[in-house]
Amino acid sequence: MKSIFVQIKCELTKAFDVAAHFVDNFPETAEVYSTSGTYDIMVKFDLDDERSIGEFVTRKVQSVPGIRETYTIVAFKMRWNPASKPDYEPRPETVAGKAGR
């Protein structure tokens, strides 16, 4: 499974219609957000690993009525061990010396 975020600029007055269309008709829709700024909404889609991102966005997402522009962000999972220590850990006397300056 891979996740992509698509920021969407909508035609005036169409943002709620576009968002509802994704929720009602796209099983790949994981989350939908209303945003401020350049884009009106952001949608997170979860796609199967073999699914083409480019084909999904250009043939499926961009065909939704009311969309003017899209911007796609590919998300990568981060995995870490919270118990692991960083490569560098300052010595206590170094930190204490800087705090007093």
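Just one of the listed residues (Phe26, Phe22) is touching a strand residue (DSSP E or B) at 6+ places or on another chain (Cβ under 6 Å) and aromatic (Phe, Trp, Tyr), and it is Phe22.
Give Val32, Val6 a once-over and let me know the one that is in contact (Cβ under 8 Å) with a residue 60 or more places away in the chain, buried (at least 16 other Cβ atoms within 10 Å of the Cβ), of a type in the set (Val, Ile, Thr) and touching a Phe, Trp or Tyr at 6+ places or on another chain (Cβ under 8 Å).
On inspection, the qualifying residue turns out to be Val6.
Note on the range 9-29: residues that are of a type in the set (A, V, I, L, M) and surrounded by 16 or more Cβ atoms within 10 Å (Cβ to Cβ) total 3.
Taken together, the residues in the range 47-89 that are farther than 13 Å from Ile4 by Cα, β-branched (Val, Ile, Thr) and surrounded by 14 or more Cβ atoms within 10 Å (Cβ to Cβ) amount to 2.
Of all residues in the range 2-15, those satisfying the criterion of being touching a Gly at 6+ places or on another chain (Cβ under 6 Å) and either closer than 24 Å to Phe76 by Cα or part of a loop (DSSP other than H, G, I, E, B) (or both) are Glu11, Lys14. Restricting the range 37-46 to residues that are surrounded by 14 or more Cβ atoms within 10 Å (Cβ to Cβ) and of a type outside the set (Phe, Trp, Tyr) leaves a set whose member that is farthest from the chain's Cα centre (by Cα) is Asp40.
None of the figures in this text is laboratory data; all of them are computed from the coordinates on show. Nothing here was measured: the structure is a model prediction, and the numbers come from that model. Note: ideal-geometry Cβ built from the backbone for every residue, glycine included; neighbour counts use all protein chains shown.
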